[in-house]
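A short worksheet on the structure shown next.
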Amino acid sequence: MGLFDKIKSAFIKDKEQEAEELLDESQIEEEQLDVPEAVNEEVVTEIEETDAAVFTPVEESELEIEEIVEESAPEIEAPLQVQEKYDKGLEKTRKTFKQRMNELFANFRSVDEDFFEEVEETLISADVGFETSMRIADELRQEVKLQNAKKPAAVQNTIIEKLVDLYEEEGIDEVNELNLQTDGLSVFLFVGVNGVGKTTSIGKLANQYREEGKKVLLAAADTFRAGAIDQLVVWGERAGVEVVRGKAGGDPAAVVFDAMQRAKEEQADVLLVDTAGRLQNKVNLMNELDKIKRIIQRVDPVAPHEVLLVVDATTGQNAMTQAKQFKETTNVTGLVLTKLDGTAKGGIVLAIRNELHLPVKLVGLGEGINDLEAFNPNDFVVGLFKELIQEEN
């Protein structure tokens, strides 16, 4: 089953669930209205006959007490499943996408050249990327002619299908899993400009690995900002892992060297390295990252196993620009997309995959310490598009 078929299945399932909920509500309303007109006379007689009797309380069994306690206890919400997290995290993006589609078809008259230009503008404004938008519009021209699609619902479904097909096509052979070593130390280098959630993502990932029973160390190699060191220390305490650090303004490579030595001595499973994020001077940034890599490879020739670029999803096309610049500067192996739940610009994932060909490895779907999720392409695309499918008559 292709991705578009999965989205349609999810759409149909949601429709069926909505219908069931409406049916249940109507049945409850009917039951509430079904009040007996008269009280049963036999019951009234029994009550009158026993009116003078003395009733002794009956002791409740332990089982009955347990049942009462269970009934009165507050319900504990079950943790959200991964697909539910994607659905919730992409809600703003989905609503904005839906609004833009509604605006596109509000003045729908005919499928002509003006309409295709509006499709391009709609997709570009939805942050799916310029190249992607142009390609979708071109493919839509051909598809509409082949299918003779004229009704808005059919045309909208074709747009979504083309987006999903392109997304799936560009993701062939893409590796979204982190390159975690099974028989030794895994070293992940985190890069990105200040303020994108880099340190927060490191702390959340450290917490996940520690909960899995792994020995985790953090390296505070962003020595140019004292605040960055302090922030990583706070996250280290929150996640229950140790932080290797130096003095503010010190040599980042020296901190990384100490961290590598310590990781080897303590037989750590994972070392997460926080680095400075400055794009004002690409040459200095590139030299600094190269030096850090050389220091790492003195201890482990095949490390770092990931160079993860952290970008803020709320910045939309600016995230694309940052990704392009860092890709030119260093060998980025994957992206961490933060704050996806707080933005309407989730379409940027389509642009990143289709235009930069960089795999998204992790996504931030909430502010909680457990809301950093491994990126699942299927869950993402279902969460983004399932409510945009239209029923065709």
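The values are calculated or read from the model by the stated rules, or taken from the named source; none is laboratory data. Quick caveat, the model's predicted, so the values are computed rather than measured. Don't worry about glycine lacking a Cβ; one is built from the backbone with ideal geometry, like all the others, and counts go over all protein chains shown. SASA here: full protein model, heavy atoms, side chains in, ligands and nucleic acids out. Shrake-Rupley method; radii C 1.70, N 1.55, O 1.52, S 1.80 Å.
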Kindly state which strands (runs of 3 or more DSSP E) lie completely within the stretch 330-393 and contain at least 1 residues that are polar (S, T, N, Q) and over 30 Å from residue 154 (Cβ atoms). 334-338
Odd one out for residue 253, checked against (1) under 31 Å from the mean Cα position of the chain (by Cα); (2) open to solvent by less than 30 Å² (accessible area, probe 1.4 Å); (3) modelled with pLDDT of 90 or more: (1)
Collect the residues in the stretch 174-188 that are under 21 Å from the mean Cα position of the chain (by Cα) and either free of Cβ contacts under 8 Å to residues at least 12 places away in the same chain or open to solvent by less than 10 Å² (accessible area, probe 1.4 Å) (or both), keeping them in residue-number order. 188
Residues in the stretch 270-293 that are in contact (Cβ under 8 Å) with a residue 40 or more places away in the chain and either of a type in the set (Lys, Arg) or surrounded by 20 or more Cβ atoms within 10 Å (Cβ to Cβ) (or both): how many? 14
Check 310, 273, 283 and return the single one that is among the β-branched types (Val, Ile, Thr) and not in a strand (DSSP E or B). 283
Pairs, please: C-beta under 7 Å, at least 6 apart or cross-chain, first residue in contact (Cβ under 8 Å) with a residue 60 or more places away in the chain and surrounded by fewer than 22 Cβ atoms within 10 Å (Cβ to Cβ) and in the stretch 308-326, second of a type in the set (Asp, Glu) and outside any helix (DSSP H, G or I)? 316/127; 317/127
Within the stretch 328-339, residues being modelled with pLDDT of 85 or more and either in contact with a helix residue (DSSP H, G or I) (Cβ under 9 Å, 6 or more places away or on another chain) or open to solvent by 30 Å² or more (accessible area, probe 1.4 Å) (or both) number 8
The condition from (1) open to solvent by 50 Å² or more (accessible area, probe 1.4 Å); (2) under 21 Å from the mean Cα position of the chain (by Cα) that residue 247 misses is numbered (2)
For the stretch 120-145, what are the residues that are touching a Ser or Thr at 6+ places or on another chain (Cβ under 8 Å) and of a type in the set (A, V, I, L, M)? 123, 124, 126, 140, 144
Would you mind telling me which numbered condition in (1) open to solvent by 20 Å² or more (accessible area, probe 1.4 Å); (2) closer than 30 Å to residue 386 by Cα; (3) of a type in the set (Lys, Arg) residue 225 fails? (2)
Note on residue 364: of the conditions (1) modelled with pLDDT of 85 or more; (2) open to solvent by 20 Å² or more (accessible area, probe 1.4 Å), unmet is (2)
Right, residue 146: within 18 Å of residue 164 (Cβ to Cβ), modelled with pLDDT under 85 and either open to solvent by 60 Å² or more (accessible area, probe 1.4 Å) or not β-branched (Val, Ile, Thr) (or both) or not? yes
